[in-house]
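The structure appears right after this line, and notes come after that.
The values are calculated or read from the model by the stated rules, or taken from the named source; none is laboratory data. Since the model is a prediction, treat every value here as computed from it, not as a measurement. Ideal geometry is used to build each Cβ from the backbone, glycine not excepted, and the neighbour counts take in all protein chains shown. Keep in mind that these areas ignore ligands, DNA and RNA; they rest on the heavy atoms of the full protein, side chains included. Shrake-Rupley method; radii C 1.70, N 1.55, O 1.52, S 1.80 Å.
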Amino acid sequence: GLGLPKDTLRCVGYHGFCFRSKSCPQPFAAFGTCAWRQKTCCIDTTSDFQTCQDEGGHCVPPQIKCLEEQAGSCPHREWKCCTEL
């Protein structure tokens, strides 16, 4: 990794930004923390962003075959979002 805290890496993986304030400015929504819980991870709600889990799926590494793939972002770019494994 880049030597960043896990919560920061997760935020960046979901295309989020780390804000110093506890609340996120519009149109961002809070999505966990950054910088060892010192900052708030905020994600743009206006994009067509959906996390895989929001859509009821599971993130799996590329070597696993999905019966049914679906839209949804996973924390690792090369991973896939599957509804059925």
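Couple of notes before you dig in:
- Spacing of the two label points (7 Å from each Cα toward its C-beta) at ALA29 and GLN53, in nm: 1.4 nm
- Each Lys or Arg adds one and each Asp or Glu subtracts one; over the other residues with Cβ under 11 Å from the Cβ of CYS41, this totals +2.
- Shape call, the chain: gyration tensor on alpha carbons, a/c limit 1.5: oblate
- Qualifying trypsin sites (Lys or Arg not before Pro) in region 1-65, DSSP loop, other Cβ atoms within 10 Å at most 13: ARG20, LYS22, ARG37, LYS65
- Sulfur and carbon atoms: percent of accessible area, the chain [1.4 Å]: 53 percent
- Each other residue within a Cβ distance under 15 Å of ILE64 adds +1 if Lys or Arg and -1 if Asp or Glu, for a net charge of -2.
- With a cut-off of 18 Å on the backbone N, the residues of region 13-54 near the modelled label site 7 Å out from LYS6 along Cα-Cβ are 13-14, 31-41.
- With all protein chains kept in place, the per residue accessible area of the chain amounts to 69 square angstrom at a probe of 1.4 angstrom.
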